[in-house]
Amino acid sequence: MKKKVYYSISDVAELTGLEQHVLRYWESEFSKLKPRKNRAGNRQYRDKDIQVIRYIKHLLQKEMYTVQGAKKKLTTADYNEVEGQLSLLPPLTTSQSTPAPQKEPDSTNEVSAPEVEVSSVGVDKKVITAIKEELKSILNTLKKDENSNS
């Protein structure tokens, strides 16, 4: 996305991977998140607002804070601390909510597991993928045992 002075709520939703209603809710909960509004009443987010949103998202989803806990952390933190924490986060991409491409099963004998979207709730995607593959293997073993007992 092209660098702008002001971003619309849809731009910010795309940049952060959050829904617009979540952004509006956070605006009502966190005093440090106050985007200005234009004459038409549309929110205009600045880079500073986007940084605050990213920090809130990090606190809630990675650090597993509650909304109350994140609110307290934000009120006690100064802007330099927030800046320092944000420098540790991965760089912002155009869409951080794009799901990974799905792999087709290799054989018709394989039991298919339900596809689950992996969210960024503090668990490494590689760990979840490894667990998923192990569970598929267990399902296949159980299926083979069931067929041999029939």
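Bear in mind that the values in this text are calculations on the coordinates, not laboratory data. Quantities reported herein were computed from a predicted structural model and do not represent experimental measurements. Here the Cβ positions follow ideal geometry from the backbone for every residue, glycine too, while neighbour counts run over all protein chains shown.
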Net lengthening on full extension, S28/T66 (0.36 nm per residue, minus Cα-Cα): 12.2 nm
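If we sort 137-149, 48-60, 64-76, 6-18 on the protection proxy, mean other Cβ atoms within 10 Å, highest first, what's the order? If you can, show how the numbers build up before the last one.
Working: 137-149: 10.8, 48-60: 20.3, 64-76: 13.8, 6-18: 18.0.
Per-residue mean Cβ counts within 10 Å order the peptides as 48-60, 6-18, 64-76, 137-149.
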Inter-probe distance in nm under a simple model that places probes 7 Å from Cα toward Cβ, at D78 and R36: 2.5
Orientation-averaged projected area, Cα convex hull of region 9-87 (nm²): 5.1
Region 62-78 versus region 17-43: alpha-carbon centroid distance in Å: 18
Over 30 Å between alpha carbons, listed pairs K37/K72; K37/K57; K57/K136; K3/K34: K57/K136
Contour minus Cα-Cα distance for K143 and E19 (0.36 nm per residue): 40.6 nm
